[in-house]
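Chemist: Encoded as structure tokens, here's the structure I'll be asking about.
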Amino acid sequence: MWRRLVPDRAAWPRAGAGVGPRGGGVGPATWRGIHRPPTGRPARPRERGGQAGQRDRGARGLVPQAPTWQALEEHQLPERTEVTPDMIDHLERLALVDFQNQEGVETLAKAIQFADRLHLVDTEGVEPMDSVLEDRCLYLRVDEVTEGYCAEVLLSGASQVVEEYFVAPPGNIPLPKKEERESFGVQNCDW
Amino acid sequence: GERSCTDMISQMAFFSVTKFYDYRLDICYLSSVYCSNCIYRHHFTVKNCFSSSKSSWVGVVGLEVHAQICSNSKLFSGSLVQFSAPPNSLVSFLDASLPGTLPVLNKRCVEGAVMTGLALNCTINKRSLFDRKHYFYADLPAGYQITQQRCPVAVNGMLTYNLCTGKNRNQTTLKSVRIKQIQLEQDSGKSLHDDARFQTLIDLNRAGVGLIEIVMEPDMTCGEEAAAAVRELQLILQQLGTCRGNMAEGQLRVDANISVHQPGEPYGVRAEVKNINSARFLARAIDYEIQRQIEVLENGEIILNETRAFDYKSGRTIPMRDKEGKQDYRFMPEPNLPPLIIYDNKTLPSNVNHQQVVNIDQIREQMPELPSVKRTRLVEKYNILTEHSITLMSEDGLMEFFETVAENTLANPRKVISWIINEFLGFLKQNNLTVRQSPFKPLALSELLDLLEKGVVSSSAAKQVFTEMCKKEGKSASQIVKEKELGLLQDQAKLEQICQSIIENHPKEVSEIHKGNWKVLNKLIGQVQKATHRRAAPNLVKAILEKKLS
């Protein structure tokens, strides 16, 4: 699905580059860049314990009334990441998935390039936001037993059960070695 | 070719070395290069080829200790925490990672971590964060563990411990190890490997139990230091009540990061020895691993950055085949948990529900006396040796036992100590009992020591009484003395009679004494004691014999 979002020509909003907001449909077919408020970098409200109403007003003021974007040339992006066989092997082991063929690898390379444009966003002095919940209170539970004792229900979803145990394959099944994989001859590919 | 790689690496001594040493990410390497001969990446220590082969290697040991928090329910769910329950009975939907479940943090676990942090002289982070650490294993159904990697609950602490030194291990040296951080995290489930049927049985009862991970800096140099540090940590946790500390039940698990280097040189490549479940094995595993690494390096080979397991039967460490290659845990912020905010008296908000507040100052006030403070108090109050205070603290309940005995007897505390260490502990070890399981109550020992102190029984008879008391429950020391006629023989006439017969039966010794060799008198005293089953009052016997022979 995401591949359809990849623009034919990379587009990037640059301050003062003169690409104004464009009305109309911004669907996947016409998607061309990253939306950005007209007044430069958005400042994320970081104050804690302020009144909710105030915060809401502040946040509303930062939301642009109309979408904006700017064209981005390929040369503005960071250097294209080379997807090495070692990297593929590493990712396949981590994810326990097989990229299967050259097309899959190219898709990955494009996905990385797609994400690369985020490097161009000016985040100087902006603290990273982990979660939209980060200025909320973390609820603390009293140390009481309120759950459990439902082995039967839990095990009813298991494909295989021995007594009251789930049954799993022994240890982790590693992916077969590169040379042993039939579907995709890594040594033959040209990247 | 292993050999050719080694040769290549030794030729690379001129390469400049950048040092990476990151404990949290489980990565430590001094440098890495691609070896053109065998395409594998080698982590190696650059060694000066021109240095003499005679070298003085030093072990570098850092520990990661996982302590199960002693709480009723799990870290993020309300299921019961208990050892050896029926499989999968203590599992909530969250523990089984069913979709749609969310973690809810247990306040008691936070308090436990803060108290542990305070006891280890840490700085408590008023704002700490949770992260996800990813890895695939069947007993980790979510595919990740919630932990605190970036900003843990406590940092920069110090653990002080006593190391037994000297020939008879009767001297102690005070040592310390820096605590890098203390983090809250989830335990995993348990895997039971059934090799015969080629399957693994999964029990999730332990999945989600709260753990305190204590990460120490590599400040130790040998197994004994590490074991002593772990024992002290165990005592502290037990004293605080934040962890029961039973290593056999896995409530306290230790991973050791071990490397060797030559003083002044950068640290060597480290190997990690995982899941050691006793202090004794920890010491053995570390010492074996240090020796192994020295031998490998002396042979001109390289140390692999790998995970090893300790085989207690052979006393060796062996590579673990389970995890291959470098781990990449793909840490990311836990999106379902906002930051954990901890308060102190100064920052305490006035309008917050007190059930939602963890207050550092309040926890500090509730903290029980720490083992080190208790030891100092014992030494000062009873005028006993530091070594003895360490022994008293090393067994759960022994210190209380000692104090009760000492408070209820006329005997000197030092005498009480020697009885407790030599007789009482010996009895417990022989019968494989803990102090609390002992049928022998402290007041019974007080009574026995009183009898000894008052001169009613000799010290050897007292030991007999002790043995009898261990056998028969419920009988007091004085009852046994009466029944077995173990009381001190102080009857002058009777003793004179016994001495007389001993003199008559040992003419050779008597003539020696008459020649002026009074040392032989001890032999006669011994004979009298033998005849009286060691019940004769020693001073009386000596006086009678001297009178009769002079």
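The values are calculated or read from the model by the stated rules, or taken from the named source; none is laboratory data. The structure displayed is predicted, hence computed values, not measured ones. Positions of Cβ are backbone-derived with ideal geometry, glycine not excepted, and every protein chain shown enters the neighbour counts. With ligands, DNA and RNA removed, areas are computed over all heavy atoms of the protein, side chains included. Shrake-Rupley method; radii C 1.70, N 1.55, O 1.52, S 1.80 Å.
Chemist: Around B:Asp194, which amide H atoms from residues at least 5 apart in sequence, or from another chain, sit under 5 Å from its own amide H, with H modelled in the peptide plane?
Modeler: B:Gln199, B:Thr200, B:Leu201
Chemist: For chain B, what does -39500 (n - 2.57) per DSSP helix run (n ≥ 4), summed and divided by total residues, give at 222 nm, in deg cm²/dmol to the nearest 500?
Modeler: Estimated from H runs of four or more residues: -10500 deg cm²/dmol.
Chemist: Positive end of the dipole of the stretch B:109-207, charges at C-beta (+1 Lys, Arg; -1 Asp, Glu), about the Cα centre: which of B:Leu192, B:Ile124, B:Asn205 has its Cα farthest in that direction?
Modeler: B:Ile124
Chemist: Take B:Lys484, B:Lys133, B:Lys167 and sort them by solvent-accessible surface of the protein heavy atoms, 1.4 Å probe, largest at the top.
Modeler: In descending accessible area the options line up as B:Lys167, B:Lys484, B:Lys133.
Chemist: Shifting gears a bit: With N set to the number of residues, divide the alpha-carbon radius of gyration of the stretch A:81-121 by 2.2 N^0.38 Å and report two decimals.
Modeler: So the stretch A:81-121 has a normalised radius of gyration of 1.24.
Chemist: Around B:Gln148, which amide H atoms from residues at least 5 apart in sequence, or from another chain, sit under 5 Å from its own amide H, with H modelled in the peptide plane?
Modeler: B:Asp131, B:Leu184
Chemist: How much accessible area per residue does the stretch A:81-121 have, counting only protein heavy atoms and a probe of 1.4 Å, in square angstrom?
Modeler: Averaged over the residues of the stretch A:81-121, the accessible area is 54 Å².
Chemist: Further question: Treating each Cα of the stretch B:492-549 as an identical point scatterer and ignoring solvent, apply the Debye formula and state log10 I(q)/I(0) at q = 0.18, 0.24 Å⁻¹.
Modeler: Once normalised to I(0) and log-transformed, intensities are -0.51, -0.92.
Chemist: Next question, about the same structure. Quick one: dipole size for chain B, taken about the Cα centre, charges +1 on Lys/Arg Cβ and -1 on Asp/Glu Cβ, in debye to the nearest 20.
Modeler: Charge dipole of chain B: 1240 debye, to the nearest 20.
Chemist: Identify all aspartates and glutamates with a Cα-Cα distance to B:Lys175 below 19 Å; exclude those on the same chain that are fewer than 8 residues away in sequence.
Modeler: B:Glu64, B:Glu217, B:Asp219, B:Glu224, B:Glu225, B:Glu232, B:Asp287, B:Glu387
Chemist: Determine, for each peptide in B:135-146, B:221-232, the mean count of other beta carbons within 10 angstrom over its residues, then list the peptides with the highest first.
Modeler: Result, highest mean first: B:221-232, B:135-146.
Chemist: Further, regarding this structure: Sorted by accessible area (1.4 Å probe), largest first, how do B:His514, B:His506 line up?
Modeler: B:His514, B:His506
Chemist: I want to check a number: in the stretch B:492-549, how many lysine pairs have alpha carbons closer than 21 Å, given a sequence separation of 8 or more or different chains?
Modeler: Lysine pairs, 8 or more places apart or on different chains, close enough: 25.
Chemist: Two-decimal Rg/Rh of the stretch B:238-326 from alpha-carbon positions, Kirkwood Rh?
Modeler: Radius of gyration relative to Kirkwood radius: 1.04.
Chemist: Averaged across A:126-136, how many Cβ atoms of other chains sit within 10 Å of each residue's Cβ atom?
Modeler: 4
Chemist: Tell me, what ³J(HN,Hα) does each residue in the stretch B:484-499 have, in order and in whole Hz, if you take phi through Karplus 6.51 cos²θ - 1.76 cosθ + 1.60 with θ = phi - 60° and put x for Gly and Pro?
Modeler: 8, 6, 9, x, 5, 7, 10, 5, 4, 5, 5, 5, 4, 4, 5, 4
Chemist: Can you send over the solvent-accessible area of B:Phe93, 1.4 Å probe, protein chains only, in Å² to the nearest 10?
Modeler: The accessible area comes out at roughly 90 Å².
Chemist: To continue, here is another question. When you look at the Cβ of every residue in B:331-337, what mean number of other chain Cβ atoms sits within 10 Å?
Modeler: 3
Chemist: Which net charge results when you count Lys and Arg as +1 and Asp and Glu as -1 among the other residues whose beta-carbon is under 13 Å from that of B:Ile202?
Modeler: -4
Chemist: Continuing with this model, one more query. Which listed residue (B:His514, B:Asn539, B:Gln492) has the Cα farthest towards the positive end of the charge dipole for the stretch B:492-549, taking +1 on Lys and Arg C-beta and -1 on Asp and Glu C-beta about the Cα centre?
Modeler: B:Asn539
Chemist: Lysine pairs in the stretch B:309-464 with Cα distance under 29 Å, only those 8 or more apart or on different chains: how many are there?
Modeler: 20
Chemist: Sorted by accessible area (1.4 Å probe), largest first, how do B:Tyr267, B:Tyr161 line up?
Modeler: Highest to lowest solvent-accessible surface, that is B:Tyr267, B:Tyr161.
Chemist: For chain B, what ratio Rg/Rh do Cα atoms give with a Kirkwood hydrodynamic radius?
Modeler: We get a ratio of 1.11 for chain B.
Chemist: Within 10 Å of each Cβ in B:75-85, how many Cβ atoms from other chains are there, averaged over the peptide?
Modeler: Other-chain Cβ atoms within 10 Å of each residue's Cβ, averaged: 3.
Chemist: Here is a follow-up. Spelling out what I want: for every residue of the stretch B:475-481, take phi, set θ = phi - 60°, compute 6.51 cos²θ - 1.76 cosθ + 1.60 (Karplus), and round to whole Hz; glycine and proline get x.
Modeler: 8, 7, 4, 5, 4, 5, 4
Chemist: Could I ask something else about it? Considering only the other residues whose Cβ falls under 10 Å of the Cβ of B:Glu512, what net charge follows from Lys and Arg at +1 and Asp and Glu at -1?
Modeler: Taking every other residue near B:Glu512 into account, the sum is +3.
Chemist: Quick one: which residues, 5 or more positions from A:Val162 or on another chain, have an amide H under 5 Å from its amide H? H modelled 1.01 Å from N in the peptide plane, none for Pro or chain starts.
Modeler: Answer set, sorted by chain and number: A:Val167.
Chemist: In whole Hz and in residue order, list the ³J(HN,Hα) couplings for the stretch B:92-103 that follow from phi through the Karplus curve 6.51 cos²θ - 1.76 cosθ + 1.60, θ = phi - 60°; x for Gly and Pro.
Modeler: 3J(HN,Hα) across the stretch B:92-103, in whole Hz: 9, 4, 5, 4, 8, 6, 6, x, x, 8, 10, x.
Chemist: Excluding ligands and nucleic acids, what accessible area in Å² is computed for B:Leu304 using a 1.4 Å probe, to the nearest 10?
Modeler: Only protein atoms counted, so the area is about 100 Å².
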